[in-house]
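The structure appears right after this line, and notes come after that.
The values are calculated or read from the model by the stated rules, or taken from the named source; none is laboratory data. Because the structure is a prediction, the values reported are computed rather than measured. Neighbour counts are summed over all protein chains in view; Cβ atoms, including those assigned to glycine, are modelled from backbone coordinates with ideal geometry.
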Amino acid sequence: AQSVSQHNHHVILSEAASLELGCNYSYGGTVNLFWYVQYPGQHLQLLLKYFSGDPLVKGIKGFEAEFIKSKFSFNLRKPSVQWSDTAEYFCAVIANSGNTPLVFGKGTRLSVIA
Amino acid sequence: GAGVSQSPSNKVTEKGKDVELRCDPISGHTALYWYRQRLGQGLEFLIYFQGNSAPDKSGLPSDRFSAERTGESVSTLTIQRTQQEDSAVYLCASSRFGETQYFGPGTRLLVL
């Protein structure tokens, strides 16, 4: 069965600090990978996704993620965080075989302090 | 167009009562998913529908949980004889076949 691990439960950063959130998945086949974000009081929104092609994908609000197949990883990065990035971030994976449910990590709560 | 909508946004019920949660997917999305998010945990898959195919119920935690979907439109998740451990946010998502899932705002269920 697929699983997703997010190693950081809660990350606290100062504004302008760089961010990297770890995500590893277990699945031997082809996968589609996602990062979703949930801002306080809002619903889950897609931040970025990888289906195929360039393993470095860029999303909204300056976020990017790199798919490293050999490491089964899809880490999320942002060079300089803002207070408005305070949110919960979820990594998710789907086996690339059509419609299947997303398998989510437990989420990482990011708190950005001024 | 409009996103995924869910109702009610909040539901408080007493242990043992039945509840119904509703999801309106994005128009044209053939796939519809239900997930559950309990406090401090990630999202757990419950059930999904794809067109007129039989639903995948493999994530339902017990036979108290059931869901229906009429064609490619509204879905209802029903929890019978609710228990306190059913307290969670219930999220619905929809997608076109093989494409990104888009989530609704969720229904926050509290079982007293």
>> Being part of a loop (DSSP other than H, G, I, E, B) and either more than 22 Å from A:V37 (Cβ to Cβ) or not aromatic (F, W, Y) (or both): is that true of B:F49 here?
In response: no
> Which of the residues spanning the range A:72-111 are among the hydroxyl-bearing types (S, T, Y) and either more than 15 Å from A:Q2 (Cβ to Cβ) or in a strand (DSSP E or B) (or both)?
Replying inline: A:S73, A:S80, A:S84, A:T86, A:Y89, A:T108, A:S111
> So B:S73 clears everything in (1) surrounded by 12 or more Cβ atoms within 10 Å (Cβ to Cβ); (2) free of Cβ contacts under 8 Å to residues at least 24 places away in the same chain; (3) assigned to a loop (DSSP other than H, G, I, E, B) except one condition, right? Which one?
Replying inline: (2)
>> The conditions are (1) within 13 Å of chain A (Cβ to nearest Cβ); (2) in contact with a Leu (Cβ under 9 Å, 6 or more places away or on another chain), and B:L21 fails exactly one of them. Which is it?
In response: (1)
> Does A:H7 qualify as being within 30 Å of B:N10 (Cβ to Cβ) and either charged (D, E, K, R) or at pLDDT below 95 (or both)?
Replying inline: no
> Which of the residues spanning the range B:93-112 are touching a Leu at 6+ places or on another chain (Cβ under 6 Å) and more than 9 Å from chain A (Cβ to nearest Cβ)?
Replying inline: B:S94, B:T107
> When only residues in the range A:19-39 that are part of a loop (DSSP other than H, G, I, E, B) and touching a strand residue (DSSP E or B) at 6+ places or on another chain (Cβ under 7 Å) count, which is surrounded by the fewest Cβ atoms within 10 Å (Cβ to Cβ)?
Replying inline: A:G29
> What residue, among those in the range B:33-46 that are within 11 Å of another protein chain (Cβ to nearest Cβ), touching a strand residue (DSSP E or B) at 6+ places or on another chain (Cβ under 8 Å) and not in a strand (DSSP E or B), is nearest to B:R96 (Cα to Cα)?
Replying inline: B:G42
